[in-house]
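Note sheet for the following structure.
The values are calculated or read from the model by the stated rules, or taken from the named source; none is laboratory data. Quantities reported herein were computed from a predicted structural model and do not represent experimental measurements. As a convention, Cβ positions derive from the backbone with ideal geometry for all residues, glycine included, and neighbour counts pool all protein chains shown.
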Amino acid sequence: MKPILTIIVLSQFLCTSLWFAGNAIMPDLIRHLQVNEGFLANITSAIQFGFIIGTLSYSIFTISDRFSPSKVFAVSAFLAAIFNLGINIDTISPNILLVLRFLTGFFLAGIYPIGIKIASDYYEKGLGKSLGFLVGALVLGTAFPHLIKSITTNLPWKLIAYATSLFSVLGGLLILNFVPDGPYRTASSKLNYKAFLSGFKNEEFRTVAFGYFGHMWELYTFWAFVPVMLAKYQLQHQNLNLNLPLLSFTIIAFGSLACVFSGIYSQKTSPYKLANIMLLSSCICCVISPLLLSNDSIYLLMCFLLFWGFVVIADSPLFSTLVAQNAPKETKGTSITIVNCIGFFITIVSIQFIQYSSKIINSDYIYMLLAIGPIIGLLNLFIHRPQKTEELLK
């Protein structure tokens with residue numbers, strides 16, 4: 001990788017470690033706060049909802065197009081790190097914790113989509129490959145708290161928040177000091193409250209955006225419930241002694257390789273075809289999940305979850321690149337951010353839908369409902385096939 005891209009990728013990894021910091025210590029929080037297991041959905045939805053409101057705010061006020069994206073990234077990383085530390089307040093109540101996770105998510109809106117914006121300002125050609133590494137860093141950062149938890153089992157659980165906040169500050173400093181605004185940046189000097197809607201006037205932008213939305217229905221719900229799937233399997237097979245945080249990290253982090261693979265391979269084949277194959281593959285995983293989640297072989301289960309963790313994210317760099325390439329140049333950052341906003345709103349609906357449905361549907365069958373998003377995304381891509389896909393990603 002080129003030096004600038006390496007710094008952007010490293011910063012993205014460090015900062016997005018905040019995302020699932022609460023999920024990694026969920027059993028500890030449940031005991032500390034004396035809440036039930038359903039709190040998992042609430043704490044995940046809180047940070048997702050914060051991200052949604054954050055991306056909406058950044059979009060409406062065209063923050064990344066009017067101001068230096070690097071400075072926006074850095075300030076957002078510092079503020080997100082501060083609110084993330086709120087997890088460790090001894091006297092915190094469940095509701096206050098949800099507010100703090102919301103605020104952490106709000107400022108993550110200045111990290112993930114802005115990171116994509118910064119990369120697109122540097123790499124007009126080969127953007128698919130660049131975003132493969134960038135989204136891979138997001139995946140690895142998302143999984144990283146689970147790894148920290150797995151290797152600090154005998155240490156205080158509050159270490160997770162301290163570590164991830166420190167990583168976020170370091171990531172912000174790297175961008176601030178070593179990544180100036182890119183050569184392809186088109187700055188906007190005026191505040192335009194309708195700018196976030198401009199991309200949707202373009203049919204190809206709408207098409208790839210809706211493909212992304214279908215992908216998002218499945219992605220974060222799968223990530224949020226991986227520890228739940230493994231915990232249930234452990235409960236049913238008590239002869240096994242599974243390291244749940246380490247296995248959760250491995251399954252989620254495996255997707256980072258998928259992002260790098262799809263980013264690089266998109267330079268050699270049809271990105272449209274590759275995105276469809278991955279979206280279809282993850283859809284099939286949803287449909288056949290009852291067969292694999294209830295089997296007696298932990299090795300077969302792990303192979304299945306690793307494969308699912310691979311294909312569930314592999315199309316993300318492709319959709320992100322297509323959105324960036326089809327967005328109006330003068331509002332590129334805003335258009336990327338609003339697509340993220342809508343996509344993450346969909347993740348809240350999905351997470352809460354699965355959590356609610358788990359009360360009335362056997363948990364071995366519940367993840368079949370995740371196929372709804374990929375099916376809609378595939379139908380949209382089939383009906384409104386983008387004509388410029390191959391040219392844009394070369």
Exercise. Please verify whether the stretch 320-331 includes one or more residues that are free of Cβ contacts under 8 Å to residues at least 60 places away in the same chain, in a helix (DSSP H, G or I), over 16 Å from the mean Cα position of the chain (by Cα) and within 30 Å of Phe133 (Cβ to Cβ).
Key: no
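Among the residues of the stretch 348-382, what is the count of those that are part of a helix (DSSP H, G or I) and either aromatic (Phe, Trp, Tyr) or under 19 Å from Trp223 (Cβ atoms) (or both)?
The first filter runs over the stretch 348-382 and keeps only residues part of a helix (DSSP H, G or I), leaving 348-357, 366-382.
Next, from what is left, pick out any that are either aromatic (Phe, Trp, Tyr) or under 19 Å from Trp223 (Cβ atoms) (or both): 348-357, 366-374, 377, 382.
Residues that pass the stated criteria total 21.
Taking into account only those residues within the stretch 299-324 that are β-branched (Val, Ile, Thr) and modelled with pLDDT of 95 or more, which is farthest from His237 (Cα to Cα)?
Start the filter on the stretch 299-324 by keeping residues that are β-branched (Val, Ile, Thr), which leaves 311-313, 321, 323.
From what is left, the residues that are modelled with pLDDT of 95 or more are 311-313.
Numbers: Val311: 27, Val312: 26, Ile313: 29 Å.
Looking at residues that are β-branched (Val, Ile, Thr) and modelled with pLDDT of 95 or more, I get Ile313.
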Quiz item: Here is a list of conditions, (1) of a type in the set (Val, Ile, Thr); (2) in contact with a helix residue (DSSP H, G or I) (Cβ under 8 Å, 6 or more places away or on another chain); (3) free of Cβ contacts under 8 Å to residues at least 24 places away in the same chain, and Thr91 meets all of them except one; can you say which number that is?
Solution: (2)
Practice problem: Test each condition in (1) of a type in the set (Asp, Glu); (2) more than 25 Å from Ser282 (Cβ to Cβ); (3) at pLDDT 90 or above for Asp181 and report the one that comes out false. | Solution: (3)
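Pull up the stretch 293-342, narrow it to residues that are acidic (Asp, Glu) and over 25 Å from Lys273 (Cβ atoms), then point me to the one that is surrounded by the most Cβ atoms within 10 Å (Cβ to Cβ).
Of the residues in the stretch 293-342, the ones acidic (Asp, Glu) are 296, 315, 330.
Narrowing the set further to residues that are over 25 Å from Lys273 (Cβ atoms) leaves 296, 330.
Numbers: Asp296: 9, Glu330: 18.
The selected residue is Glu330.
Among Ser256, Ser262, which is the only one that is more than 17 Å from Gly126 (Cβ to Cβ), crowded, with 24+ Cβ neighbours inside 10 Å and touching a residue at least 12 places away in the same chain (Cβ under 8 Å)?
On the way: Ser262 fails: more than 17 Å from Gly126 (Cβ to Cβ).
Among Ser256, Ser262, only Ser256 is more than 17 Å from Gly126 (Cβ to Cβ), crowded, with 24+ Cβ neighbours inside 10 Å and touching a residue at least 12 places away in the same chain (Cβ under 8 Å).
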Exercise. Would you tally the residues in the stretch 347-368 being within 22 Å of Ile277 (Cβ to Cβ) and among the hydrophobic types (A, V, I, L, M, F, W, C)?
Key: 1
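Rundown of residues vs (1) under 17 Å from the mean Cα position of the chain (by Cα); (2) among the polar types (S, T, N, Q); (3) part of a helix (DSSP H, G or I), yes/no style:
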| site | (1), (2), (3) |
| --- | --- |
| Leu131 | yes, no, yes |
| Leu138 | yes, no, yes |
| Ala143 | yes, no, yes |
| His146 | yes, no, yes |
| Trp157 | no, no, no |
| Ala161 | no, no, yes |
| Leu174 | no, no, yes |
| Pro180 | no, no, no |
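Inside the stretch 214-243, can you point out the residues that are surrounded by fewer than 19 Cβ atoms within 10 Å (Cβ to Cβ) and not in a loop (DSSP other than H, G, I, E, B)?
From the stretch 214-243, those surrounded by fewer than 19 Cβ atoms within 10 Å (Cβ to Cβ) are 231-232, 234-243; that's our starting set.
If the condition is that a residue be surrounded by fewer than 19 Cβ atoms within 10 Å (Cβ to Cβ) and not in a loop (DSSP other than H, G, I, E, B), then Ala231, Lys232, Gln234, Leu235, Gln236 are the ones that fit.
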Quiz prompt | Subset tally (residues that are outside any helix (DSSP H, G or I) and either closer than 22 Å to Val226 by Cβ or touching a strand residue (DSSP E or B) at 6+ places or on another chain (Cβ under 9 Å) (or both)) for the stretch 1-49 | solution = 9
Practice problem: Within the stretch 82-95, work out how many residues are within 14 Å of Gly22 (Cβ to Cβ) and either modelled with pLDDT of 95 or more or acidic (Asp, Glu) (or both). | Solution: 3
Quiz item: Mind checking which pairs have a first residue in the stretch 111-126 that is at positive phi and a second that is not hydrophobic (A, V, I, L, M, F, W, C), Cβ under 7 Å, 6 or more apart or different chains?
Solution: Gly126/Gln267
Practice problem: Please work out which residue is nearest to Leu174 (Cα to Cα), limiting yourself to the stretch 53-78 and to residues that are buried (at least 24 other Cβ atoms within 10 Å of the Cβ), within 17 Å of the chain's Cα centre (by Cα) and not small (Gly, Ala, Ser). | Solution: Phe73
Self-check item: Residue satisfying all of: in the stretch 279-292; under 20 Å from the mean Cα position of the chain (by Cα) and touching a residue at least 40 places away in the same chain (Cβ under 8 Å); surrounded by the fewest Cβ atoms within 10 Å (Cβ to Cβ) among these
Solution: Leu280
Practice problem: Find the residue count for the stretch 66-119, including only residues that are among the polar types (S, T, N, Q), touching an Asp or Glu at 6+ places or on another chain (Cβ under 7 Å) and in a helix (DSSP H, G or I). | Solution: 1
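State all residues of the stretch 343-358 that are of a type in the set (A, V, I, L, M), in contact with a Ser or Thr (Cβ under 6 Å, 6 or more places away or on another chain) and crowded, with 21+ Cβ neighbours inside 10 Å; if no residue qualifies, say none.
Step one: list which residues in the stretch 343-358 are of a type in the set (A, V, I, L, M), which gives 346, 348-349, 351, 354.
In the following step, the residues that additionally are in contact with a Ser or Thr (Cβ under 6 Å, 6 or more places away or on another chain) were identified as 348, 351, 354.
Once the filter is applied, which keeps residues that are of a type in the set (A, V, I, L, M), in contact with a Ser or Thr (Cβ under 6 Å, 6 or more places away or on another chain) and crowded, with 21+ Cβ neighbours inside 10 Å, the stretch 343-358 yields Ile351, Ile354.
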Practice problem: Give the residue, chosen from Leu85, Leu33, that is over 19 Å from the mean Cα position of the chain (by Cα), surrounded by 17 or more Cβ atoms within 10 Å (Cβ to Cβ) and closer than 18 Å to Lys149 by Cβ. | Solution: Leu85
Practice problem: State which residue pairs qualify: first residue on the phi < 0 side of the Ramachandran plot and inside the stretch 356-368, second residue in a loop (DSSP other than H, G, I, E, B) in any location, beta carbons under 8 Å apart, and separation of 6 or more residues or different chains. | Solution: Asp364/Ser294; Ile366/Ser358
